[in-house]
Amino acid sequence: MKDIEKERLMIRAAAEKTARRIVQPRAAKIDAAGEFPWDLVEALGKQGYLSLLLPESYGGTDGDLTSFCIVVEEIAKVCGSSSLLILSQGLGTLPILLGGNPSQKDIYFTEISGKNRLTALALREPEGGLEASSIKTIAMKQGKDYLVNGRKGFITHGSLAKFYSVFAVTQPEHGAEGISAFVVEDGTPGLLFGNKVEKVGMRGSITADVIFEDCRISQENRLGDEGEGWKIARDTINMSRPVIGAQAVGIAQGALDFAVRYANERIQFGKPISSFQAIQFMISDMATRIEAARALVYKAASQIDGKLKDTEELSAISKYFASETAMKVTTDAVQILGGYGYMKEYPVERMMRDAKVTQIYEETSQIQRWVVAQQLLKH
Ligand SMILES: Cc1cc2nc3c(=O)[nH]c(=O)nc-3n(C[C@H](O)[C@H](O)[C@H](O)COP(=O)(O)OP(=O)(O)OC[C@H]3O[C@@H](n4cnc5c(N)ncnc54)[C@H](O)[C@@H]3O)c2cc1C
């Protein structure tokens, strides 16, 4: 076995142990309280999970997306919110990894890895849309500074993060080439936050608007050259899709595992419900979908790790299929538990609520299908 494969097996085993020992006991409470688990920031930081994508010199895997997917999948099996903590940390870090210069990387990565500082990806705006014209946040050049004004909506870790990777228009007349990327640090005057929004699922993850009101930042905070922001944003999203796919696979697997245990224990008509073919076929279908989704996710991640060209199609397919799988499988898990599935006493209803957002964030399933069609039709 190759060294990298051995290493990834070790990463999976360690993540599985962390999930079982540290995260699982907190999962139901995090969801019920709807509070951000700062204790887990500490614990997951200790495992290196908050700096997973960073270079090895900062304790990371040097951007190994496959390892990142493995950790997210294992944690998602027991707690969607905690997997989102790790995932969002990676997303906030990616623009720095993709566009930062050595000195910026040193400053931010030292804090992220050494002090467990949280990061956030502040891309989407309240008006939404996936085209560059949807970015209305403006960064006006003033000498060696930029004055930022605008609003980013539904940002994971909004108000909690130390570093925000922000995308803003610097040259309005240049369209997509007029967008630049910046890191804005918490505490910068003019960086404000909306209220935490109440969500159906992922309730232990904080989502809030990030607002810029005459927020002055130095040009030292710009990632890459002026006009490179949209490329950094699209590359970030392309890399993030398989990771959300991995999260979806983990949630689905957690629900299937629970449903199988339950089906073996629940007696109806004098036998375990697992002896009924109707239940067996549901379980088989759930497992089939999960295995197919997992194969797609790791194929997409390995294409990106291998720096292959044209990875968008598979990246979008993997997120689309895995998130649809998570929704279907978790709904079926609730069905297998019958009335108990609908009760808060069991984790499958939480998994179903957590699964839903995987079809929505980092662009919806409809948009993934659009991306796939665009890629296919351009050839
Ligand atoms: C819990 C949560 C956390 C989030 N975290 C972050 C974050 O950290 N950073 C960040 O930047 N964003 C974040 N987001 C935002 C998220 O990425 C967007 O909500 C998502 O991409 C969908 O955009 P929208 O909400 O504007 O929906 P819209 O784009 O308004 O979509 C509404 C509906 O229209 C459909 N639709 C839209 N355009 C098309 C089209 N061209 N063709 C067909 N159908 C279409 C959609 O599929 C959907 O069904 C988060 C969202 C949530 C819910």
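The values are calculated or read from the model by the stated rules, or taken from the named source; none is laboratory data. Quick caveat: nothing in here was measured; it's all calculated off a predicted structure. Here Cβ is always computed from backbone atoms with ideal geometry, including for glycine, and neighbour counts include all displayed protein chains. Quick note on the areas: whole protein, heavy atoms, side chains included, nothing else; ligands and nucleic acids left out. Shrake-Rupley method; radii C 1.70, N 1.55, O 1.52, S 1.80 Å.
Listing for the model above:
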item: Selected residue (only one of Gln335, Gln268, Gln303 is modelled with pLDDT of 95 or more, within 14 Å of Pro242 (Cα to Cα) and of a type outside the set (A, V, I, L, M)); result: Gln303
item: Number of the condition not met by Lys152 [criteria: (1) open to solvent by 60 Å² or more (accessible area, probe 1.4 Å); (2) touching a strand residue (DSSP E or B) at 6+ places or on another chain (Cβ under 8 Å)]; result: (1)
item: Checking Ile317 against (1) open to solvent by less than 30 Å² (accessible area, probe 1.4 Å); (2) under 19 Å from the mean Cα position of the chain (by Cα), the condition it does not meet; result: (1)
item: Top-ranked residue of segment 351-369 - restricted to ones that are among the aliphatic types (A, V, I, L, M) and within 22 Å of Gly153 (Cα to Cα), ranked as least open to solvent (accessible area, probe 1.4 Å); result: Ala355
item: Leading residue by the ranking (surrounded by the fewest Cβ atoms within 10 Å (Cβ to Cβ)) among those in segment 34-59 that are among the hydroxyl-bearing types (Ser, Thr, Tyr) and farther than 22 Å from Thr207 by Cβ; result: Ser57
item: Count of residues meeting criterion [away from the ligand (no atom under 13 Å from the Cβ), part of a loop (DSSP other than H, G, I, E, B) and touching a strand residue (DSSP E or B) at 6+ places or on another chain (Cβ under 6 Å)] in segment 155-178; result: 1
item: Residue under evaluation Lys136, criteria (1) open to solvent by less than 70 Å² (accessible area, probe 1.4 Å); (2) in contact (Cβ under 8 Å) with a residue 24 or more places away in the chain; (3) in a loop (DSSP other than H, G, I, E, B), criterion not met; result: (1)
item: Number of the exception - Gly92 against (1) part of a loop (DSSP other than H, G, I, E, B); (2) surrounded by 23 or more Cβ atoms within 10 Å (Cβ to Cβ); (3) within 16 Å of the ligand (Cβ to nearest atom); (4) of a type outside the set (S, T, N, Q); result: (1)
item: Test: Ser180 is of a type in the set (S, T, N, Q) and touching a Leu at 6+ places or on another chain (Cβ under 9 Å); result: yes
item: Restricting segment 223-235 to residues that are aliphatic (A, V, I, L, M) and farther than 16 Å from Met140 by Cα, the residue that is farthest from the ligand (Cβ to nearest atom); result: Ile232
item: Any chance Tyr298 is touching a Ser or Thr at 6+ places or on another chain (Cβ under 7 Å), farther than 16 Å from Ala255 by Cβ and more than 16 Å from the ligand (Cβ to nearest atom); result: yes
item: Failed item in (1) among the acidic types (Asp, Glu); (2) within 16 Å of the ligand (Cβ to nearest atom); (3) in contact with a strand residue (DSSP E or B) (Cβ under 8 Å, 6 or more places away or on another chain), with Asp145 passing the rest; result: (2)
item: Those helices (runs of 4 or more DSSP H) lying entirely in segment 1-58 with at least 1 residues under 27 Å from Pro102 (Cα atoms) and out of contact with any His (no Cβ under 7 Å at 6 or more places or on another chain); result: 3-18, 38-46
item: Of all residues in segment 10-33 being free of Cβ contacts under 8 Å to residues at least 24 places away in the same chain and open to solvent by 100 Å² or more (accessible area, probe 1.4 Å), the one that is nearest to Gly204 (Cα to Cα); result: Lys29
item: Some residue of segment 179-196 being in contact (Cβ under 8 Å) with a residue 40 or more places away in the chain, within 16 Å of the ligand (Cβ to nearest atom), of a type in the set (S, T, N, Q) and not in a strand (DSSP E or B); result: no
item: Pair list, Cβ < 8 Å and 6+ apart or interchain, from segment 359-373 residues that are closer than 14 Å to Thr236 by Cβ to residues that are near the ligand (Cβ under 9 Å from one of its atoms) and at pLDDT below 95; result: Glu363/Leu130
item: Counted residues, segment 212-231 - those being surrounded by fewer than 21 Cβ atoms within 10 Å (Cβ to Cβ) and in contact with a Leu (Cβ under 9 Å, 6 or more places away or on another chain); result: 5
item: Set Val348, Val372: member being within 15 Å of the ligand (Cβ to nearest atom) and surrounded by 13 or more Cβ atoms within 10 Å (Cβ to Cβ); result: Val372
item: Answer residue from segment 200-222, given it is within 10 Å of the ligand (Cβ to nearest atom) and more than 16 Å from the chain's Cα centre (by Cα) and is farthest from Ala181 (Cα to Cα) among those; result: Val200
item: Residue within segment 123-133 that is open to solvent by 60 Å² or more (accessible area, probe 1.4 Å) and more than 12 Å from the ligand (Cβ to nearest atom) present; result: yes
